[in-house]
Amino acid sequence: MELLPSWTKAGSWTLGRDPLGMQATSVRLYRTLVPGLTNVTNRLRYYSFYCWVIQQYEQTEHSGDEAKWRIFIRRAEALYALACYVVDPQHSDGLAGGLWAGAFRQSLPTDLIDLRPHTDKPGQSGQYLKAVRGNFGQFYIASMTEVGLLTPSGRIPIVSEQFGREMANAFAESVGKSTSLISNAIKTGTVAPEQLIEVGSVAHPSRIPAGSKELSLLRDYLLAVNAPEGSGAARRASAWLLLDLLRHGVSADDEASVREAFYNRRIPGGSPYPVSGSTIDRWMAFQANELCHIAFEAILNALLTDLQNHPLGMDPNLLLENLLGPPLEKLGATGQTWQEWATVTGVNFVGSEETLAEPILSALSNVELASNPDCLINALQLTAALWLRWGGEDTSVRDTIERHAGNGGRSLSGVLRTLNAEASNTVADALRQTVRRHLIADHLTIAGRKLAASGTFTYHFTLSDGVMSDGRVTTYAYTNPRLRNLIRFLQDAQLYDGSTVTDDGMEFLNENQPV
C-alpha cells in the first residue's frame, strides 16, 4: 500500500504527538499513580463547588433540558473565575476561563455586570471558555463520576446520594449566605461588583476554611482516606512522596529534582533518598520509559532531518547507515558488538541519565536543532545506559513497564528485548534493527490505525516500495505526569503553603508511609 499526503483530503492533517507509541505506556503508568487527576483538573475546590452547582440546578430548575443546563454551568464557571480573579488574581491559576477573567477584571464595569454575552453562546467566539459543556463537562465529569461524587447519568449530571450531596452541603456551609448571591447571579446572568468581591472572598479555591467540613472531605478525597486498596492508595502514596520531597527542600517548581529523587533516589546536593515502596518504584519505571521515549524521538527527528535531503526518498537501510555512521565512529563503536560497546559506554552514564537527557530535551523543543549531531550522540549513549541498567538481571523496571505497555509493547521494555536479541551483533546492526522495529515499523502501524479509525493523517514519513520519503520533523517533550496538578491540590488542601509543608502536612507525613 502506498501512503501519500494526498490521502489527507478525505480526513485531517496533523503530526502525531506520540509517533512511536511510547508515551501511551507512560500515560498508562501515571494514571495508576495519580488516579482521579488529569492534566486539566487544576483546583481541588472545583469538586465541592461543582457538586453544589449540580445540586442547585436540581433544586431550582427541575429541568432535563440539556441546553438549559449548559448555560447554567457556564454562568457558574464564569462567575467563579471572575470573582476569584477580582479578589486574588495571584492565586487564581488553574481556573476555567482564567484568561478571560484576568482580562475582564482590568476594565470591570462599576454598575451591574452582565455575564450572558460571555457565557450564553456556547462554542462561539468571545466566550469565557469555548468548550460547549464548560470546564466541568469537558474535564471534570469523568473523574467526579469515577470517584463517586456523581451518579452515572444521561445528559444532566446528578450528585451521588451520600458523597456528592455531603460535598455540596459542605461547600454551602463554608460559603454561608453568599450561596444566595451565587445562585441569583447564575439565574439572572448578572452580578454587581461588590457581590463579586463577596463571592470571591469566601469561595476562592485557596480559601477553604480551616477546620471546615469541606476541607476535611476534600482532603479525604485527595488522600484517599478509607478508600479501598488500589482505589486511591497510589494517589495518597504519590502525595506523600511529593510532600516528603518538599519537606526535604525540593522546590515545587523543580521538576528535574523530583524526577531525580524518583529515578535515582537522590535529592539536591547528592544525598540519598532512602524511600522504598511499589509507588516510587512505578515512578522510577515511568521515568525510565520517558528517557527511552525522548532518546528515540531524537533519533526520529535526526532521521527525518536527513531524509529531507533526499526529495525522491531513500532506502531506510542506507538512510540509517548514513545517519548512524558518523556518531558511531566518533563514539569509537566501529567493529564492536552492542554488548561490548554498550557495556563500557553505559557504565559512564548509569545514574546520570538525566544529564544526557537535558540537551536532548533542549534540542527536541526546537525543530531547528533536530540535526544537532551532539543530540544524536547523547541519544545513543542514553540508549546504552538504559540497556545496561535495565536490560539485564534486574527485571523490576522492565516488568513494570511491560504490564502497562498494552498491545505491541511499544515501550522501553520492547526496545530492551530487541537490543538483548541483537547484543552479539555489531553496534550499527543492532541499532539499525532496533530503529527499524521500534521507530519505523511502529510509527507506520500507529499512524495507519489512526488513519483507518478517524481519517486523521499523522504520518511523520511515508514508506512506499521500500523507500522512505516525505519526512516531517516536530518538537517533543516529557509526558506531563500530573505532578504539578497534585502539588496545587496539596496547596489547596492546606498541606503545603507554597514554601513549606504545613503542620497538617507534617501530621499526614508522620502518620502515613508510601506503599
Report, in debye and to the nearest 20, how large the dipole of the chain comes out about its Cα centre when Lys and Arg carry +1 and Asp and Glu carry -1 on their Cβ. 1160 debye
Using the alpha-carbon atoms, what tilt in degrees (0 to 90, nearest 10) does helix 255-264 show relative to the longest principal axis of the chain? 60 degrees
Once fully extended, how much extra length lies between Met506 and Ser278, figured as 0.36 nm per residue of separation less the alpha-carbon to alpha-carbon distance? 79.9 nm
Estimated FRET transfer efficiency when R0 is 41 angstrom, pair Asp111-Asp315 (beta carbons, to 0.05): 0.05
Collect residues whose amide H, placed 1.01 Å from N in the peptide plane, falls under 5 Å from the amide H of Ile267; neighbours closer than 5 in sequence don't count. Tyr273
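Counting only protein heavy atoms, what percent of the accessible surface of the range 149-241 is carbon or sulfur at a 1.4 Å probe? Mind showing how you got there, number by number?
Values: 1980 of 3850 Å².
Taking all protein chains in place, the range 149-241 shows 52 percent carbon and sulfur surface.
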Taking the Cα centre as origin and putting +1 on Lys and Arg beta-carbons and -1 on Asp and Glu beta-carbons, what dipole magnitude results for the range 219-334, to the nearest 20 debye? 560 debye
Which value in deg cm²/dmol, rounded to the nearest 500, describes the helix-derived mean residue ellipticity at 222 nm for the chain, given -39,500 (n - 2.57) per DSSP H run of n ≥ 4 and division by the residue count? -17000 deg cm²/dmol
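Hey, any idea what % of the range 271-355's accessible area is carbon plus sulfur with a 1.4 Å probe?
56 percent
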Full-stretch length increase - Asp88, Ala192 - with 0.36 nm per residue and alpha-carbon distance subtracted: 35.7 nm
Give the cross-link partners of Lys121 among the aspartates and glutamates, using a straight C-alpha distance below 17 Å as the criterion and excluding same-chain residues fewer than 8 apart. Asp65, Glu66, Glu77
What list of ³J(HN,Hα) values in whole Hz, one per residue of the range 504-509 in order, does the Karplus curve 6.51 cos²θ - 1.76 cosθ + 1.60 (θ = phi - 60°) give from phi, with Gly and Pro shown as x? 5, x, 5, 4, 4, 4
Please go through the residue pairs Lys187/Lys213; Lys130/Lys187; Lys68/Lys450 and name each one whose alpha carbons sit more than 31 Å apart in this structure. Lys68/Lys450
Among (i) 21.7, 66; (ii) 23.9, 71; (iii) 26.0, 80, the value of Rg and Dmax of the Cα atoms in Å computed for this structure carries the label (iii)
So if each residue of separation counts as 0.36 nm, and I subtract the Cα-Cα distance between Arg31 and His248, what length gain in nm does that give? 75.6 nm
I need to check one value: relative contact order of the range 194-269, counting alpha carbon pairs closer than 8 Å and at least 6 residues apart, in percent. 14 percent
Please name which of Gln287, Asn407, Tyr478 has its Cα lying farthest along the dipole of the chain towards the positive end, using unit charges on Cβ (Lys, Arg +1; Asp, Glu -1) and the Cα centre as origin. Asn407
Positive end of the dipole of the chain, charges at C-beta (+1 Lys, Arg; -1 Asp, Glu), about the Cα centre: which of Ile208, Leu320, Ala233 has its Cα farthest in that direction? Ile208
In square angstrom, what is the accessible area per residue of the range 468-515 with a 1.4 angstrom probe? 43 Å²
Could you compute the longest span of the chain free of GluC sites (Glu not before Pro) located in DSSP loops and having at most 15 other Cβ atoms within 10 Å, not counting the site residues? 230-392
The range 5-141: spread of alpha-carbon positions along the three principal axes, whole Å, largest first, is 55, 39, 37
If you roll a 1.4 Å probe over the heavy atoms of the protein chains, what accessible area per residue do you get for the range 312-436, in Å²? 44 Å²
Express the relative contact order of the range 302-393 as a whole percentage, based on alpha carbon pairs under 8 Å and six or more residues apart in sequence. 35 percent
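The values are calculated or read from the model by the stated rules, or taken from the named source; none is laboratory data. Since we're looking at a predicted model, the values are computed, not measured. Cβ sites come from the backbone with ideal geometry, for glycine too, and all protein chains shown count toward neighbours. Areas reflect the complete protein model, heavy atoms only, side chains present, ligands, DNA and RNA absent. Shrake-Rupley method; radii C 1.70, N 1.55, O 1.52, S 1.80 Å.
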